[in-house]
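A short worksheet on the structure shown next.
The values are calculated or read from the model by the stated rules, or taken from the named source; none is laboratory data. Predicted model, so just to flag it, every value in this text is computed and none were measured. Counting neighbours? That spans all protein chains shown, and the Cβs are built from the backbone with ideal geometry, glycine included.
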Amino acid sequence: MKTGEKTRVAVVGASGYTGEELVRLVLRHPHAELTAVTSRQFAGKNLAEVFPRTALHPAAKSLPFSDSSPEKIAAEAELVFLALPHGIAVDFAAPLLKAGARVIDLSADFRIRNPAIYREFYCHEHGAPDLLAEAVYGLPEVYRDAIRGARLVGCPGCYPTSILLPLIPLLRQKLIEPASIIANSLSGVSGAGRKAELDYLFVECNESVRPYGVPKHRHLAEIEQELSIAAAATVTIQFTPHLVPVNRGILTTLYLRPSAIGQDTKRIEAAFRDSYETEAFIRLLDDKTLPDTKNVVGSNVVEIAWRHDPRTGRLIVMSAEDNLVKGASGQAVQCFNIMCGYEETAGLL
């Protein structure tokens with residue numbers, strides 16, 4: 001475990017919801033020093049002006065937002081979080097890496113390994129396809145060893161995290177039929193990002209629940225990529241996201257068909273216990289408790305529960321997470337801890 005000096009950190013695109021959450025987590029992190037924050041919108045203003053809840057931190061009134069170049073950012077920080085929209089983050093990553101910084105990207109730009117699939121789902125060519133082979137998918141419970149030595153990490157999306165963590169152990173042990181997967185997810189409005197669009201105004205969202213991104217949400221690209229790796233076969237799933245009138249949190253319900261060996265529910269439980277019982281940020285629930293977003297909002301924890309329905313023969317697996325923490329910024333800090341050799345829970349408990 002690394003001790004001693006703090007790691008100098010920058011947050012590029014710090015004015016969005018994930019950027020703000022990253023700033024909060026980095027400021028309180030015992031081994032991180034926030035040396036740069038960028039935002040074109042707020043350039044010249046300090047942290048305390050833009051995020052008043054940071055005002056009591058010693059750095060908040062002296063650290064200004066800038067509109068810096070990647071080269072200048074790399075001179076100020078050893079590790080850079082990119083909290084930028086897809087298609088923009090990629091323009092920062094290559095020069096940052098060339099200048100010697102390590103990069104954790106929270107956009108979709110480095111999650112998908114195949115540039116043709118990226119083009120299919122994001123409707124434009126990838127800006128740095130040569131970096132895709134190097135990028136590590138930032139799901140610590142699955143890729144911890146690869147993250148440790150990575151220069152470039154592409155953090156998973158919020159929906160993918162809520163789906164992949166429950167499914168990967170079952171697919172690896174061939175306990176479910178890969179063609180049977182149906183995923184229904186409900187997300188708080190912050191998942192859409194900090195933007196002024198009609199669909200996300202208060203009066204449009206409040207007292208309303210609606211599906212969207214049907215039948216081909218962009219997150220399907222990384223979900224099916226990672227499920228196919230786990231199953232060692234091509235996996236295609238049915239995924240329907242829904243917008244619900246809460247600020248943050250994701251609840252996912254998975255409907256699955258057990259394989260022949262998966263009919264033994266003890267095997268299902270053993271697969272989850274073997275994979276996650278010692279994981280700090282995965283809470284496996286007992287047979288009397290179900291996931292609830294109120295128990296995970298503000299934390300880096302994912303709750304997972306499962307039930308077998310003898311009437312239909314299906315396995316029902318459920319998860320809950322905070323879309324801005326384990327679904328984004330908290331998971332990025334978890335990757336930061338692994339990359340820098342710190343205790344994985346540092347700054348996250």
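Which strands (runs of 3 or more DSSP E) sit wholly inside region 1-95 and have at least 2 residues that are without any contact (Cβ under 8 Å) to a residue 60 or more places away in the chain and among the aliphatic types (A, V, I, L, M)? Let's see the steps before the verdict.
On the way: elements: 7-12, 32-38, 79-82.
Those strands (runs of 3 or more DSSP E) span 32-38.
Residues checked against (1) of a type in the set (Asp, Glu); (2) outside the structural domain of Ser180 (by TED's automatic domain parsing); (3) crowded, with 24+ Cβ neighbours inside 10 Å:
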position	(1), (2), (3)
Val297	no, no, no
Val301	no, no, no
Trp306	no, no, no
Asp309	yes, no, no
Thr312	no, no, no
Ile316	no, no, no
Ser319	no, no, yes
Ala332	no, yes, yes
Thr345	no, yes, no
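Quick one: is Ala280 more than 30 Å from Asp199 (Cα to Cα) and free of Cβ contacts under 8 Å to residues at least 40 places away in the same chain?
Here the answer is no, as Ala280 does not meet what is asked.
If we scan region 221-237, do we find a residue that is within 19 Å of Leu165 (Cβ to Cβ), at pLDDT 95 or above and assigned to a strand (DSSP E or B)? Please lay out each step first, then the result.
Narrowing region 221-237 to residues within 19 Å of Leu165 (Cβ to Cβ): 221-232, 235, 237.
Still in the list and also at pLDDT 95 or above: 221-232, 235, 237.
Add one more test, that the residue is assigned to a strand (DSSP E or B), and what stays is none.
Within region 221-237 (the criterion being within 19 Å of Leu165 (Cβ to Cβ), at pLDDT 95 or above and assigned to a strand (DSSP E or B)), the answer is no, since none of the residues qualifies.
Exactly one condition in (1) part of a helix (DSSP H, G or I); (2) more than 18 Å from the chain's Cα centre (by Cα); (3) buried (at least 18 other Cβ atoms within 10 Å of the Cβ); (4) at pLDDT 95 or above is false for Leu254; which is it?
(1)
Restricting attention to region 121-149, which residues are part of a loop (DSSP other than H, G, I, E, B) and crowded, with 21+ Cβ neighbours inside 10 Å? Spell out how you get there, then give the answer.
Going through region 121-149, the residues part of a loop (DSSP other than H, G, I, E, B) turn out to be 123-128, 132-135, 138-139, 149.
Within region 121-149, His126, Ala135, Gly138, Leu139 qualify.
In this structure, is Asn337 surrounded by 20 or more Cβ atoms within 10 Å (Cβ to Cβ), polar (S, T, N, Q), closer than 23 Å to Arg111 by Cα and touching a helix residue (DSSP H, G or I) at 6+ places or on another chain (Cβ under 8 Å)? Break it down stepwise before answering.
On the way: surrounded by 20 or more Cβ atoms within 10 Å (Cβ to Cβ): yes; polar (S, T, N, Q): yes; closer than 23 Å to Arg111 by Cα: yes; touching a helix residue (DSSP H, G or I) at 6+ places or on another chain (Cβ under 8 Å): no.
For Asn337, the condition - surrounded by 20 or more Cβ atoms within 10 Å (Cβ to Cβ), polar (S, T, N, Q), closer than 23 Å to Arg111 by Cα and touching a helix residue (DSSP H, G or I) at 6+ places or on another chain (Cβ under 8 Å) - is not met.
Leu152 - would you say it is closer than 23 Å to Ala128 by Cβ, over 13 Å from the mean Cα position of the chain (by Cα), of a type in the set (A, V, I, L, M, F, W, C) and crowded, with 16+ Cβ neighbours inside 10 Å? Spell out how you get there, then give the answer.
On the way: closer than 23 Å to Ala128 by Cβ: yes; over 13 Å from the mean Cα position of the chain (by Cα): yes; of a type in the set (A, V, I, L, M, F, W, C): yes; crowded, with 16+ Cβ neighbours inside 10 Å: yes.
Criteria met by Leu152.
Taking region 1-60 as the search range and keeping residues that are within 24 Å of the chain's Cα centre (by Cα) and of a type in the set (Asp, Glu), which one is surrounded by the fewest Cβ atoms within 10 Å (Cβ to Cβ)?
Top of the filtered list is Glu33.
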